[in-house]
Amino acid sequence: MSQTITQKILAKHAGLKKVGPGQLISCKVDLVLGNDITSPPAIKQFAKIGVRKVFDKNKIYLVPDHFTPAKDIKSAQQVKMMREFAKKYGIVNFFEIGCMGIEHALLPEMGAIKAGDLVIGADSHTCTYGALGAFSTGVGSTDMAAAMATGEVWIKVPEQLKFVFKGNLAKWVEAKDLILYTIGQIGVDGARYMSMEFTGPVIRKLSVEGRLTIANMAIEAGGKNGIFEADEKTQAYLKKTKAGQGIVYKSDPGANYKMVYDWDVSKIEPQVAFPHLPSNTNPVSKCKNIKINQSVIGSCTNGRIEDMRVAAKILKNKKIHRDLRCIILPGTQEISMQMIREGITETLIKAGCVVSTPTCGPCLGGHMGILAEGERSIATTNRNFVGRMGHPKSEVYLSNVAVAAASAIAGHIVSPEAL
Amino acid sequence: MQGKVWKFGDNIDTDLIIPARYLNTSDPSELAEHCMEDADPNWVSKKEKGDFIVAGENFGCGSSREHAPIALKAAGVSAIIAKSFARIFYRNAINIGLPIMESEEAANEIKEGDKIEVDLAKGEIKNVSSKMIYYAQPFPPFMQKLIKAGGLINYIKKSKRR
Ligand code: SF4
């Protein structure tokens, strides 16, 4: 039977020749991830299982990133609990302030993941690593606890959707726009329980960073995972990391898809998702007089060095609008350093932005840029739910980096074209 | 189980169920105090122990925070009945033992304030107010085992002993 990449990875980790949609299987995991919100409940559940060791000290990654550097006493307690757990069980990969980053920016960069891996993380955006040709999905804290104890996870084999992108991207259209467009087309539950495979000439031309942005938001369409074939670009990217290339799987020509979306994306504009759903997308030219109080550039979706370069290109020798704050959130320490080397940090600070240490911060309404009642932010993050960035009566508009940077200058939502 | 129904719409996301500003703790009773706050700020004071939530499509979409089902369970919600559930919420609810039931008909026809009676083993939802009976989608055998064991942790403990 013809299989897709996702099915092949799942079958391999379940010790089976093949798997089919709907099948419930138990899989061995290559990596288990948790953050400062989801690890504490997982640690409590782990204690209840009553095992003396974790399944593998090298395969558990604990990354405090959401409220770090600790924003208050309670969040400090949470990280303390992780730190003590890591010490007690000899967990090698615990990343404290100083070497941390936003988990989904950090792990690919440090070479924690290779093609063909099976990764679970107690964070919904764990789907990011599908960009590297791995099966990667978000689970809850109890699943994380169980996997830390047993090295296994139960998985329902998802049905498959395929997205083929053709054509040539217009100026200022980024990977982010492809995924926003996709979610706009199929809705926030358009891929519920399903696997989203991204392919086509446009994808092949995209950088690995761009693919990470797309896979990151598979969950915003309800997807179980996003997946890309690890082509030459990915292989080259992986070979430079500690992880190495891994096993490259390809979908068989006759593989079965529940639906194939075949889109020519030459005509799409930068997309803006209006409150309060990521599927509420409009082309940027439809944004008329949407005044904003804040622009947030960064997060696990768009906080990589490529993104910072786009921001700097637009903000160079410009000033952000005086009625607004512009907050820059680099994904990792390495990215922060690279920004300094390239003069990006200086460009951005001169323009009037604040450049933060890596943290999730305002992306989930944690700290570092919370919105007041009635305020509005444009953000390169991935969710614009009610109250996501602060007050329940505040609003978040999602966009790519170029639009967020241009809007910071204009004071309202615009395309860089309109500057 | 018998209780009153609170109705919510489609795509009730985890930020509505428990806003991230309260996630600096994982204490169930603290979380319960803010449950559904951004969907209905007064819900916590209105609801009674044993009440039900009936909602539309894609309940629990968004983040993987297990704090969402934990908050609902600690708030005393007997079960959630929805047209459909988001994937991670579905796993989490089963893993921690918060009863969930999928029934489009029940979600369409049951109204806010109705009294309902639920038999989880049979998957039966009886509307005491309107006398209608609905049946939820049955769980696959593996999940029935998980539910019977009282969640994933107990299930693993049991299978370890064997
Ligand atoms: S940056 Fe935002 S979406 Fe990404 S892990 Fe942090 S809170 Fe989640």
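The values are calculated or read from the model by the stated rules, or taken from the named source; none is laboratory data. What you are looking at is a predicted structure, and each value in this text was computed from that prediction instead of being measured. Positions of Cβ are generated from backbone atoms using ideal geometry, with glycine treated the same way; all protein chains shown enter the neighbour counts. Just the protein is used for accessible areas: all its heavy atoms, side chains included, with ligands, DNA and RNA removed. Shrake-Rupley method; radii C 1.70, N 1.55, O 1.52, S 1.80 Å.
Can residue A:378 be described as surrounded by fewer than 24 Cβ atoms within 10 Å (Cβ to Cβ), more than 13 Å from the ligand (Cβ to nearest atom) and away from chain B (no Cβ under 14 Å)? First the steps, then the outcome.
Values: surrounded by fewer than 24 Cβ atoms within 10 Å (Cβ to Cβ): no; more than 13 Å from the ligand (Cβ to nearest atom): yes; away from chain B (no Cβ under 14 Å): yes.
No; evaluated as a whole, the condition is false for this residue.
Residue A:241 falls short on exactly one of the conditions (1) touching a strand residue (DSSP E or B) at 6+ places or on another chain (Cβ under 7 Å); (2) open to solvent by less than 50 Å² (accessible area, probe 1.4 Å), and that condition is (1).
Among the residues of the stretch A:72-101, write down those that are open to solvent by less than 20 Å² (accessible area, probe 1.4 Å) and either within 14 Å of chain B (Cβ to nearest Cβ) or more than 25 Å from the chain's Cα centre (by Cα) (or both).
Narrowing the stretch A:72-101 to residues open to solvent by less than 20 Å² (accessible area, probe 1.4 Å): A:75, A:78-79, A:82, A:85-86, A:91, A:93, A:100-101.
Within the stretch A:72-101, A:75, A:78, A:79, A:82, A:85 meet the criteria.
Evaluating residue A:138 against the criteria (1) open to solvent by 40 Å² or more (accessible area, probe 1.4 Å); (2) within 14 Å of chain B (Cβ to nearest Cβ) leaves one unmet condition, (1). You will find that of B:17, B:88, B:100, the residue that is within 14 Å of chain A (Cβ to nearest Cβ), of a type outside the set (Phe, Trp, Tyr) and closer than 24 Å to residue A:73 by Cα is B:17 and no other. Here A:299, A:295, A:285 are screened, and the one residue that is within 13 Å of the ligand (Cβ to nearest atom), of a type in the set (S, T, N, Q) and in contact (Cβ under 8 Å) with a residue 40 or more places away in the chain is A:299. Among the strands (runs of 3 or more DSSP E) confined to the stretch A:121-200, the ones with at least 3 residues that are away from the ligand (no atom under 16 Å from the Cβ) are located at A:152-156, A:160-166, A:195-199.
Test residue A:122 against the stated conditions and say whether it is open to solvent by less than 10 Å² (accessible area, probe 1.4 Å), within 13 Å of chain B (Cβ to nearest Cβ), modelled with pLDDT of 95 or more and touching a Leu at 6+ places or on another chain (Cβ under 8 Å).
On the way: open to solvent by less than 10 Å² (accessible area, probe 1.4 Å): yes; within 13 Å of chain B (Cβ to nearest Cβ): yes; modelled with pLDDT of 95 or more: yes; touching a Leu at 6+ places or on another chain (Cβ under 8 Å): yes.
Yes.
Of everything listed in (1) within 23 Å of the chain's Cα centre (by Cα); (2) closer than 20 Å to residue A:181 by Cα; (3) in contact (Cβ under 8 Å) with a residue 60 or more places away in the chain, the single unmet condition for residue A:305 is (2). Figure legend. Inter-residue proximity from the stretch A:32-51: first residues more than 7 Å from chain B (Cβ to nearest Cβ), second residues surrounded by fewer than 24 Cβ atoms within 10 Å (Cβ to Cβ) and of a type in the set (Asp, Glu), beta-carbon distance below 9 Å, spacing 6+ or different chains. Indicated pairs: A:32/A:56; A:43/A:84. With respect to the conditions (1) part of a helix (DSSP H, G or I); (2) in contact with a strand residue (DSSP E or B) (Cβ under 9 Å, 6 or more places away or on another chain); (3) open to solvent by 20 Å² or more (accessible area, probe 1.4 Å); (4) of a type in the set (Lys, Arg), residue A:204 falls short on a single one, namely (2). For residue A:319, the requirement of being more than 23 Å from residue A:375 (Cα to Cα) and either surrounded by fewer than 17 Cβ atoms within 10 Å (Cβ to Cβ) or free of Cβ contacts under 8 Å to residues at least 60 places away in the same chain (or both) is not met. Just a yes or no: is a residue in the stretch B:26-45 in a loop (DSSP other than H, G, I, E, B) and closer than 20 Å to residue A:221 by Cα? No, that holds for no residue.
Looking only at residues in the stretch A:141-165 that are of a type in the set (S, T, N, Q) and within 22 Å of residue A:221 (Cα to Cα), the one that is nearest to the other protein chains (Cβ to nearest Cβ) is A:141.
When restricted to residues that are buried (at least 24 other Cβ atoms within 10 Å of the Cβ), within 14 Å of chain A (Cβ to nearest Cβ) and within 11 Å of the chain's Cα centre (by Cα), the stretch B:35-81 contains 7.
Results for (1) in contact with a strand residue (DSSP E or B) (Cβ under 7 Å, 6 or more places away or on another chain); (2) assigned to a loop (DSSP other than H, G, I, E, B); (3) among the basic types (Lys, Arg); (4) closer than 13 Å to residue A:293 by Cβ, shown as yes or no for each residue.
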{"residue": "A:328", "(1), (2), (3), (4)": "yes, no, no, no"}
{"residue": "A:381", "(1), (2), (3), (4)": "yes, yes, no, no"}
{"residue": "A:385", "(1), (2), (3), (4)": "yes, yes, no, no"}
{"residue": "A:402", "(1), (2), (3), (4)": "no, no, no, no"}
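Looking only at the stretch A:54-68, count every residue that is open to solvent by 10 Å² or more (accessible area, probe 1.4 Å) and either in contact with an Asp or Glu (Cβ under 8 Å, 6 or more places away or on another chain) or within 13 Å of chain B (Cβ to nearest Cβ) (or both) and tell me the total.
In the first step, residues of the stretch A:54-68 are kept if they are open to solvent by 10 Å² or more (accessible area, probe 1.4 Å); the result is A:54-59, A:61, A:66.
Within this subset, residues satisfying the condition of being either in contact with an Asp or Glu (Cβ under 8 Å, 6 or more places away or on another chain) or within 13 Å of chain B (Cβ to nearest Cβ) (or both) are A:55, A:59, A:61, A:66.
Counting residues in the stretch A:54-68 that are open to solvent by 10 Å² or more (accessible area, probe 1.4 Å) and either in contact with an Asp or Glu (Cβ under 8 Å, 6 or more places away or on another chain) or within 13 Å of chain B (Cβ to nearest Cβ) (or both) gives 4.
Looking only at the stretch B:125-154, how many residues end up being open to solvent by 30 Å² or more (accessible area, probe 1.4 Å) and at negative phi? Before the answer, list the steps.
The initial filter retains those residues of the stretch B:125-154 that are open to solvent by 30 Å² or more (accessible area, probe 1.4 Å), namely B:126, B:128-133, B:135, B:137-142, B:144-145, B:147-148, B:150, B:154.
Going one step further and asking which of them are at negative phi, we end up with B:126, B:128-130, B:132-133, B:135, B:137-142, B:144-145, B:147-148, B:154.
Going through the stretch B:125-154 one residue at a time, the tally reaches 18.
Scanning the stretch A:282-316 for residues that are open to solvent by less than 40 Å² (accessible area, probe 1.4 Å), farther than 29 Å from residue A:103 by Cα and assigned to a loop (DSSP other than H, G, I, E, B) gives A:287, A:290.
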